[in-house]
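Have a look at the structure below before the remarks.
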Amino acid sequence: MDATRLIGATRTALAQARAVQEIVGEAWQTQALAGAIGSHLAVHGPFEARAAAGGLSEAGARASGALRQTLRAGAIRAGHLSEVRDPWVALAGLCGLLGEVGIALVGVACSSDEDALYWQCIEAIDAADETSDRVRWLQRRLALREREGGAA
């Protein structure tokens, strides 16, 4: 399945999530998707962007332990990623989704009376922020490649 479709499915699931654990689960789904997109681009993307894509893959992969704790086995949407047709569109969509995840998690953290849940949200917010930084770095690498390719 194309990255853009998976981003759309995750955005829809996040918007429909009502329970706290559903929101946290969608945050980790987003991290797993970021890791999968990074891995795909590290192998199949433009050579100049592969190192940055590897960084995105690593940022998403660090969330995999928390994701496994939050979700039942086999429910990880990112496992269905088969292609990234338009890297620029996929990365822009992923960056937007990470922002939405951050906002949702802030809401959960602020309304939580449980210390464990609060800190789980803070960890997820930090992960989303780091992943957003990696996405933007990868976008800069792709933009630089386009400018250099256009000047040749």
Requested in this report: Springs between alpha-carbon atoms under 10 Å, Gaussian network over the chain: tell me which of 112, 57, 39 tops the mean-square fluctuations.
Outcome: 112
Report summary line: Diffing the stretch 97-106: the Karplus 3J(HN,Hα) column from phi (6.51, -1.76, 1.60, θ = phi - 60°), in whole Hz with x for Gly and Pro, holds 5, 4, x, 5, 4, x, 5, 4, 5, 4
Query raised in the report: What is the helix-to-structure angle for 50-61, meaning the angle in degrees between its Cα long axis and the longest Cα principal axis of the chain, kept from 0 to 90 and rounded to the nearest 10?
Result: 10 degrees
Report task. Among (i) 156; (ii) 93; (iii) 114, find the value of volume of the Cα convex hull per residue in Å³ that was calculated from the structure presented, and write down its label. Result -> (ii)
Report task. With a point put 7 Å past each Cα toward its Cβ, work out how far residue 82 is from residue 62 in nm, to one decimal. Result -> 3.2 nm
Report task. With an 8 Å cut-off on Cα pairs and a minimum separation of 6 or more residues, tell me the relative contact order of the chain in percent. Result -> 31 percent
Query raised in the report: For the pair residue 2 and residue 129, what calculated FRET efficiency results from E = 1/(1 + (r/R0)^6), where r is the Cβ-Cβ distance and R0 = 22 Å, to the nearest 0.05?
Result: 0.30
**Report entry** the stretch 1-33-the stretch 105-152 distance, computed between alpha-carbon centres (Å)
**Finding:** 14 Å
**Report entry** Net charge contributed by nearby residues that have their C-beta within less than 11 Å of residue 49 (K/R +1, D/E -1)
**Finding:** +2
Requested in this report: Please give the FRET efficiency for residue 106 paired with residue 148, using the beta carbon to beta carbon distance and R0 = 41 Å, rounded to the nearest 0.05.
Outcome: 0.60
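Count the net charge of all other residues whose Cβ sits under 13 Å from the Cβ of residue 89, scoring Lys and Arg as +1 and Asp and Glu as -1. Don't skip to the answer; put the middle values down first.
Numbers: positive: 5, 85; negative: 2, 83, 86.
That sum, taken over residues with Cβ under 13 Å, equals -1.
Not counting the cut sites, what is the longest span of the chain without trypsin sites (Lys or Arg not before Pro) that DSSP labels loop and that have at most 12 other Cβ atoms within 10 Å?
86-152
Let me check I've understood the local charge: for residue 15, count other residues with C-beta under 13 angstrom from its C-beta, Lys and Arg +1, Asp and Glu -1. What total comes out?
Details: positive: 11, 18; negative: 22, 26, 100.
Taking every Cβ under 13 Å from that of residue 15, the sum is -1.
Here, each number is a calculation from the coordinates, and none is a lab measurement. Since we're looking at a predicted model, the values are computed, not measured. Positions of Cβ are generated from backbone atoms using ideal geometry, with glycine treated the same way; all protein chains shown enter the neighbour counts.
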